[in-house]
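The values are calculated or read from the model by the stated rules, or taken from the named source; none is laboratory data. None of the values given here were measured: they were computed from a predicted structure. Don't worry about glycine lacking a Cβ; one is built from the backbone with ideal geometry, like all the others, and counts go over all protein chains shown.
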Amino acid sequence: MLRAFGVLSASRPLYAGSTGAVAGAIPLAEIQAYCSLFQVSDVEDFIHLIRAMDDAYLTRVAEQRREQHPRESVSHDRP
């Protein structure tokens, strides 16, 4: 699962923030493509787990960004 998350993380969009690039959520289309390419048997469970890992990652990145730039408002809402 960690390998899949690593592969999928490379496909996350980056957005311009006031202090640099801000990571966005891994697009669902990328997760679905991964499932198809690697013949994931339980797609629903896989998506749920990747989303949970991604949410935890984005939460931690936002916390680190707030610590480094306390005056900037940071969020990681999914588009």
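Among the numbered criteria (1) under 30 Å from PRO70 (Cβ atoms); (2) surrounded by 10 or more Cβ atoms within 10 Å (Cβ to Cβ), which one does VAL43 miss?
Result: VAL43 passes all but (1).
Going through segment 65-79 one residue at a time, which ones are closer than 25 Å to VAL7 by Cβ and either surrounded by 11 or more Cβ atoms within 10 Å (Cβ to Cβ) or at pLDDT 90 or above (or both)?
Scanning segment 65-79 gives ARG65, HIS76, ARG78.
Scan segment 1-48 for residues that are among the β-branched types (Val, Ile, Thr) and under 18 Å from ALA62 (Cα atoms) and jot them down.
Correct list: THR19, VAL22, ILE26.
Take TYR34 and tell me if it is at pLDDT below 95 and either outside any loop (DSSP other than H, G, I, E, B) or among the β-branched types (Val, Ile, Thr) (or both).
Judged against the criteria, TYR34 is not a match.
Which residues, taken from segment 5-31, are among the charged types (D, E, K, R) and either under 26 Å from HIS69 (Cα atoms) or not in a helix (DSSP H, G or I) (or both)?
The one that is among the charged types (D, E, K, R) and either under 26 Å from HIS69 (Cα atoms) or not in a helix (DSSP H, G or I) (or both): ARG12.
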